[in-house]
Every structure is written in C-alpha cells, then in structure tokens.
Amino acid sequence: MHARAVFDARGVIYGINGILAIKVALGAGGTTTNQTGALRTVAHQPFGKVLLILVAIGLGGYALWRFVHTLIGHGPEKSDDRFERLAALGSGLTYTLICAIAVGILLGSGSSSSGSPNKPTAGVLGWPGGTWIVGLAGAVLCGVALYQLYRGVSHDFLKDSKTEEMSPAARKWIEWIGTFGHLARGVVFGMVGVFLIKAAIDYNPDSAVGLDGALAKLAHNSYGPFLLGVVAAGFIAFALYSLSDARYRRI
C-alpha cells in the first residue's frame, strides 16, 4: 500500500467521527462517536467490509510508520529529537488500537463493544499501582492535547508538509483546516485525559470516558450542542487536512 494512503485512512475515520458528532449535536440521537462507532458505520455501508479492510490496512501501515519514526527518527535533522519520537510512539500505539478494533469488527468480535474505557479502567485500578497507571495515562493524554493545541496555534504541522510545492491558495487552505483540526483534537484529548485523572483520584472507573463520553458530557453542558458542533466541525477539518496532507506530506 502506498505510504500516503495511511493518511487517507486517518482522514476517513476522523471524517465519520465528525459527521456522527454533528448528528448528536443536532439531536439525531446517541450514535456512538468514538472510533468503534465510526468503524462500524463504515462496515454497514455498501461494500463496507472491503472498505473497512482497506481502512484497517491503512491504519496498520500508519501505526507501523510511526513506530519506525520512533526508532530511527524522521530524517537526519530530527534523529535526536526525543520529544518527536515519544509523540510518534504514542501515535503508533493509538492507531494500533484503532486497527485492532477494525480487525475485531471484521472478525465479528466487536459487535457489542461501545468503545468505552470504563471496564478496562476498572481492571487497571485494581492492579498494584493501578491508580498511578490510570492517572499517568490521563496525564499523557493531557500532554498530547497540549501538543496538539501548540501545533494548531503555532502552525508547527506545516513543517511536515512540502509547503514549497503548494500554491498560495493550497497553503492557506491547509493552514486553516490544519489549525482548526488540531485545536479540536487538543480539546477532546484534553477532556478524556482529565476524566481519566479524575477516575484515578476518585478511584471510580465510571469517571473515565472515551471520545464518545467526552463529547456527550460536552453536549450536556450549557451551549453544549453548539460547542459539540464546533468540535465536530474541527474533526471534519482534520479529516480534510489528513486527505490534503496525503498529497503534500514529507514521507
């Protein structure tokens, strides 16, 4: 599979997440907006199984590419950048999990899962040092959220693109959707991280939520549907950024 196809797969997942989240914001009913819900939506479309296979291959390829980035860096100029490698490791683990979910759905083993982290969190909290593990996971997610916000505000993500090959209009487009998309990811990742930390402090696995739970909590607050709509639009923007990034990405 062409290396750039992995960014197309990432774009598909975020685009479907964004559309489902907008449906929740408009009151279209509690469709799960986490990665599992998005992947099941793909599977239920015409030729959905074939599309899901392609998405799973793309996600697996992206995860593998991020692990390679972790081991050898991304070019000589970044080979000693430990923070970049750590970010690549976290990204690789995340997309490995999403790929595993896709494979589970294809094999028919994911039909009843909601993608909620409550049950895994409950198990981890019972381990020796489990509260620290859950709290650390939340802290890492908060760190990832801050990094996403930084990349969005500073336009740092443009360093990964061949901006010299872009027309002025293409650069402006990718800069806009990339900024909006990274900010949206930062907000939601931060919410999930905070809820995990709260679960560790309270020793209550019900406090832990995934992407769907974070969006649901956002929707139930004052101005929630509006804020959820903004975040959902941000996911769609990140999906469009991923598809555009597939064209200009420095591989």
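Taking label points 7 Å from Cα along the Cα-to-Cβ direction, K172 and K49 give a separation of 4.8 nm. Compared with the alpha-carbon gap, the fully stretched path from L71 to I57 is longer by 2.9 nm at 0.36 nm per residue. For the stretch 130-198, the ratio of Cα radius of gyration to the globular rule of thumb 2.2 N^0.38 Å stands at 1.38.
What's the FRET efficiency of R82 with S222 using the Cβ-Cβ distance as r and R₀ = 35 Å, to the nearest 0.05? The calculated FRET efficiency here is 0.25. Between L107 and L146, the FRET efficiency from the beta-carbon distance, with R0 = 30 Å, is close to 0.25.
FYI, it's all coordinate maths here, none of it is from the lab. Being a predicted model, the structure only gives us computed values, none of them experimental. Every residue, glycine as well, gets a Cβ built from its backbone with ideal geometry; the counts of neighbours run over all protein chains shown.
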